[in-house]
Amino acid sequence: MSAMAESEVSSLRRLPAVAAVLATAEAALLQQRHGRVPTTQAIRQAIDEAREALRAGASVAPSAMELAQRARSLLEAHAAGLRPLFNLTGTVLHTNLGRAVLAEAAIDAAVAAMRHAVALEYDLDGGGRGERDDHLRALLRDLTGAEDATVVNNNAAAVLLCLNTFALGREVVVSRGELIEIGGAFRMPDIMARAGVRMVEVGTTNRTHAADYRDAINPDTGLVLKVHTSNYRIQGFTAEVGATELAALADAAGVPLLNDLGSGSLVDLSGYGLAREPTVRQAVAEGARLVTFSGDKLLGGPQAGFIVGDRALIAQINRNPLKRALRVDKLRLAAIEATLNLYRDPDRLAERLPTLRWLSRRKVEIAAQARRLQPAVAEQLGDAFVVEVGDCSSQVGSGALPLDTLASAALLIRPHGSQRELERLGAALRALPRPIIGRVADGALHLDLRCLDEAEESLFLSALGQLDMDGLAAGTP
Ligand SMILES: *Cc1c(COP(=O)(O)O)cnc(C)c1O
């Protein structure tokens, strides 16, 4: 054996054993907090990592205490993958950050449904079996003007279920201009194929006429589909057939029209200073026999997909065995019911529903908040960064109102040194126990404060206070 290999072996031998690490005070605490088995596992992993590092050329093996500390990081990282964070990206309905944040009433309702038995499928009047949908039916009828309603896992499921119920093995007519892809591999043509229907595209990308639909509809047509192109706009030389005309055309042919609204709002957003988005009530009034929309986009509730429309059609949907596979659980039903209930009191809706509260916040208010927080943030970040208050644009997100940005204000953080420092700061903020997520643009980290409620400001500052500035300086966030 060469001298080199011998020294490598001896340094490997100097790695503490699992028992030695378990005997440290730190490991005793970890066992109390996380349990014996997970702690032992984390220590083994820490030792494995250290062994790899030695093989790769590290000269000093970590001590038992250092290994225990590493085990703690591993355990903490495991402990809460879905832990709360501060969404300061400026995108209110951020799909990757869980879309809508729920209203307190919805949270309370979900918690109660977790903790206690509930009349999920039980008729409290008669004492017999009830239906899961009964809880929402009356509310949705009230809020949309539709005859009947049902709810499934998400809007993708709602569309899938409608296609499969009315056009399995048959044709669905849709405009080429509406064959959307939204994020997460939801492509209309793929959903059609999986629903077992044959897609019949009509018109061209930019122009589709009534005659195109009329020519395509035949006795084998199960459904006419209209898709709200929620995440893009086709502009210029364009033509589309409006929902009212299309509904009349489909009715004349004896085929139901499904209008997939995507986001679908239950209130007119122009009343809150936002761009107009078609409301569900409007889509129902225009004559579509079925309308589908999401629970966690503009509606501001939990993930869900709503189908509202003709009673006979909803009954047919409810008989489809797929409905059972796509249904929602009691937690979400409770949260949906509470969210919808808020819409019955429009005067206080924007106050109670975080999505609407944040979307309708005015820039002057956000700028004032930014000025209020700026000194504390600047002090925390120290000399390496400049913190200023600046303008920015927020987005609705989730593909809703794609061209509509909202004037907002942000803390703009710029490094004195290189961009590398900004990257390190971003990583350190993401590594916090309650991570802070911003957006990098034009060489600055933007913390858009639109989604930071005043009541959360002190939590935000104390989260920031946990930043490891020494680690940052040393380049090891
Ligand atoms: C978002 C969207 C969907 C999918 O809704 P999820 O609730 O995310 O499943 C379907 N159609 C349109 C037009 C959409 O915008």
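The values are calculated or read from the model by the stated rules, or taken from the named source; none is laboratory data. Predicted, not measured: the structure shown is a model, and the values here were computed from it. Note that each Cβ is placed from the backbone with ideal geometry, even for glycine, and that neighbours are counted across all protein chains shown. Quick note on the areas: whole protein, heavy atoms, side chains included, nothing else; ligands and nucleic acids left out. Shrake-Rupley method; radii C 1.70, N 1.55, O 1.52, S 1.80 Å.
Computed values, structure above
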item	result
Base-10 log of normalised Debye intensity for the range 104-352 (one unit scatterer per alpha-carbon) at q = 0.12, 0.14 Å⁻¹	-0.69, -0.92
Rounded accessible area of D125 (nearest 10 Å², 1.4 Å probe)	150 Å²
Calculated FRET value between A211 and H416, using beta carbons and R₀ = 56 Å, to 0.05	0.30
Computed accessible area, K330, all protein chains, 1.4 angstrom probe, square angstrom	80 Å²
Estimated 222 nm signal from helices in the chain, with DSSP H stretches of n ≥ 4 weighted -39500 (n - 2.57), rounded to 500	-13000 deg cm²/dmol
Area of R348 that stays accessible when all protein chains are in place (1.4 Å probe, Å², to 10)	110 Å²
The range 87-94 - phi-based ³J(HN,Hα) in whole Hz, Karplus 6.51/-1.76/1.60, Gly and Pro as x	8, 10, 6, x, 9, 5, 9, 7
Euclidean distance between Cα centres, the range 15-75 to the range 214-268, Å	61 Å
Potential lengthening between A20 and A315 on full extension [0.36 nm per residue; Cα-Cα distance subtracted]	99.6 nm
The range 243-314 - percent relative contact order, Cα under 8 Å, separation 6 or more	30 percent
Tilt relative to the chain, helix 243-252 - C-alpha long axis, 0 to 90 degrees, to 10	50 degrees
Pair Q466, T244: separation of 7 Å Cα→Cβ label points (nm)	5.6 nm
Solvent exposure, largest accessible area first (probe 1.4 Å, DNA, RNA and ligands not counted), of D296, D134	D134, D296
Whichever lysines have a C-alpha closer than 29 Å to that of K323, once near sequence neighbours (fewer than 8 apart) are set aside	K226, K297
Alpha-carbon gyration tensor eigenvalues x 5, square-rooted, for the range 121-160, Å	22, 14, 6
D133, D345, reordered so the largest accessible area comes first (probe 1.4 Å)	D345, D133
In range of the label at R33: residues from the range 423-452 whose backbone nitrogen is under 17 Å from the point 7 Å along Cα→Cβ	431-435
Inter-label distance for A185 and A53, nm, one decimal - labels placed 7 Å from Cα along Cα-to-Cβ	3.7 nm
